[in-house]
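As structure tokens, the structure follows; a few thoughts come after it.
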Amino acid sequence: MIRVKVLLLILIAFATESFACDCGLMIMEESYRKADFVISGKVEYVKDKLNRNSRYMKIDSTYWERGGYHAVLKVDKVYKGHMLSDTIEIIPDWSNCDKYFKIGQTYVVFGYVDKESNYTTSNCSGTFSKEDMESKRVFEKLKKEKI
């Protein structure tokens, strides 16, 4: 019986690890180079609440009141790329690597344009909140050198 419990614990440990997002190590300069666009924008609202059957809503039905993954941002600065509007919508792919955006916060978004011309980003792209002082410091240095 103890062996069965130990085996179950090992299986659970490996199963949960397989759901994690594995980004590897990417420096901000590489993130900037790979991104289709880099912008600064404030999260106006999220559209996650429209998908009430998602697994996120089942876990915490109020999480979208604080933020979400399907975010609409008001762009205040374009560092790279071209935006067709001063408001963009970040379309999640509903994976474990999606970026969680807090309503009212300003982010520097390192993003991509997918095959359907949607704007996307992820936890692995380098996107950060301007409240993250270390990332902000590194980005300011990068701007002086590259932008």
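Are any residues in segment 57-95 crowded, with 16+ Cβ neighbours inside 10 Å, under 15 Å from the mean Cα position of the chain (by Cα) and either within 17 Å of Asn123 (Cβ to Cβ) or modelled with pLDDT of 90 or more (or both), and if so, which ones?
Listed by number, the residues that qualify are Gly67, Gly68, Tyr69, His70, Ala71, Val72, Leu73, Ile88, Ile90, Ile91, Pro92.
So for segment 11-24 (the condition being of a type in the set (D, E, K, R) and at pLDDT 65 or above), does at least one residue qualify?
Looking for residues that are of a type in the set (D, E, K, R) and at pLDDT 65 or above, one finds at least one in segment 11-24, hence yes.
Just for segment 114-141: of the residues that are assigned to a helix (DSSP H, G or I) and out of contact with any helix residue (DSSP H, G or I) (no Cβ under 6 Å at 6 or more places or on another chain), which one is surrounded by the most Cβ atoms within 10 Å (Cβ to Cβ)?
Phe139
For segment 107-147, enumerate the residues that are within 17 Å of Val78 (Cα to Cα) and among the β-branched types (Val, Ile, Thr).
Across segment 107-147, the qualifying residues are Val108, Val109, Val113, Thr120, Thr121, Thr127, Ile147.
If I go through segment 115-135 residue by residue, how many of them are in contact (Cβ under 8 Å) with a residue 12 or more places away in the chain and more than 17 Å from Ser85 (Cβ to Cβ)?
11
Hey, does segment 27-34 have a residue that's within 30 Å of Arg137 (Cβ to Cβ), at pLDDT 65 or above and of a type in the set (A, V, I, L, M)?
Yes.
The values are calculated or read from the model by the stated rules, or taken from the named source; none is laboratory data. Small disclaimer: the values here were computed from a predicted structure and weren't measured. Every residue, glycine as well, gets a Cβ built from its backbone with ideal geometry; the counts of neighbours run over all protein chains shown.
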